[in-house]
1. On the given criteria, is V20 touching a strand residue (DSSP E or B) at 6+ places or on another chain (Cβ under 7 Å) and either in a strand (DSSP E or B) or surrounded by 18 or more Cβ atoms within 10 Å (Cβ to Cβ) (or both)?
2. Taking the condition hydroxyl-bearing (S, T, Y), in a helix (DSSP H, G or I) and over 18 Å from the mean Cα position of the chain (by Cα), does T58 pass?
3. Conditions: (1) on the phi > 0 side of the Ramachandran plot; (2) without any contact (Cβ under 8 Å) to a residue 24 or more places away in the chain. E61 meets all but one. Number of the miss?
4. So D95 passes all but one of these: (1) within 11 Å of S33 (Cα to Cα); (2) surrounded by fewer than 17 Cβ atoms within 10 Å (Cβ to Cβ); (3) of a type outside the set (S, T, N, Q). Which condition number does it fail?
5. Read through the list (1) in contact with an Asp or Glu (Cβ under 6 Å, 6 or more places away or on another chain); (2) outside any helix (DSSP H, G or I); (3) within 13 Å of T7 (Cα to Cα); (4) not charged (D, E, K, R), then give the number of the only condition that P123 fails.
6. Would you check which residues across the stretch 130-187 are among the small types (G, A, S), surrounded by 15 or more Cβ atoms within 10 Å (Cβ to Cβ), in a helix (DSSP H, G or I) and out of contact with any Pro (no Cβ under 7 Å at 6 or more places or on another chain) and list them?
7. Look at the stretch 38-51 and say how many of its residues are under 26 Å from A91 (Cβ atoms) and either assigned to a loop (DSSP other than H, G, I, E, B) or modelled with pLDDT of 95 or more (or both).
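The values are calculated or read from the model by the stated rules, or taken from the named source; none is laboratory data. As the structure is a computational prediction, the values presented were derived from the model and not from experiment. Heads up, the Cβs are rebuilt from the backbone with ideal geometry, glycines too, and the neighbour counts pull from every protein chain shown.
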Amino acid sequence: MSGNLFTVSAPSGAGKTSLVNAALEALPDLRMSVSHTTRAMRPGEKDGVNYNFVDEQTFTELIQAGDFLEHALVFGNFYGTSESWVRETLAAGYDVILEIDWQGASQVRKIIPETVGIFILPPSRDILRERLTNRGQDNADVIEQRMSEAREEISHYSEADYVVVNDNFQTALQELQAIILSADLSNKKDFQKHQALISELLS
């Protein structure tokens with residue numbers, strides 16, 4: 001039995017990280033891929049938990065070794081997903097969720113076509129700006145840059161299989177969980193899990 005692979009994309013500030021973290025707590029068979037990045041560690045983050053923090057030389061060496069399922073340059077920093085970890089985790093029967101931008105999601109789907117793409121939208125541009133400001137992580141110039149990038153990111157929403165609007169957090173979380181669970185139920189691994197029961201019922 002193998003798990004399903006999900007990509008979750010969204011403009012910065014749409015709330016995808018909070019939604020993904022809540023889904024991970026609620027779904028025991030869901031695993032989060034810890035990306036490699038060259039960006040600086042933020043307060044409260046831990047190496048190997050939030051990201052695998054590396055310098056640019058190490059990241060470049062990993063690219064050359066073919067270790068990434070996808071990688072991209074985002075806001076001046078590199079991000080990448082370990083292909084070996086993803087495939088090993090899927091083969092062990094776990095679902096894997098990747099929190100990446102639309103470019104990364106596109107790269108992943110080219111390599112693993114059965115990937116389920118999910119796009120998180122904010123309810124409005126005004127609320128997106130408010131969320132970016134209230135989280136207190138970026139200065140005004142960076143917020144303006146992120147707002148500009150948001151339009152480009154959102155323009156690729158149609159490349160995903162599902163769109164979730166994060167207006168009410170609990171509603172958005174329920175929708176995200178429903179997408180993940182429905183993919184599991186439609187997967188042939190679910191048939192295998194119930195094979196003994198099916199055989200008994202048909203006997």
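1. Numbers: touching a strand residue (DSSP E or B) at 6+ places or on another chain (Cβ under 7 Å): yes; either in a strand (DSSP E or B) or surrounded by 18 or more Cβ atoms within 10 Å (Cβ to Cβ) (or both): yes.
Yes.
2. yes
3. That leaves (1) as the condition not met.
4. Every listed condition holds for D95 apart from (2).
5. (3)
6. Filtering the stretch 130-187 down to residues among the small types (G, A, S) leaves 136, 140, 148, 150, 155, 158, 160, 172, 178, 182-183, 186.
Subsequent filtering for residues that are surrounded by 15 or more Cβ atoms within 10 Å (Cβ to Cβ) retains 150, 160, 172, 183.
Applying the additional criterion that residues be in a helix (DSSP H, G or I) yields 150, 172, 183.
Of everything in the stretch 130-187, those that are among the small types (G, A, S), surrounded by 15 or more Cβ atoms within 10 Å (Cβ to Cβ), in a helix (DSSP H, G or I) and out of contact with any Pro (no Cβ under 7 Å at 6 or more places or on another chain) turn out to be A172, A183.
7. 3
Residue-wise test of (1) of a type in the set (S, T, Y); (2) in contact (Cβ under 8 Å) with a residue 60 or more places away in the chain.
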site	(1), (2)
G76	no, no
S84	yes, no
V96	no, yes
W102	no, yes
A105	no, yes
V108	no, yes
I127	no, no
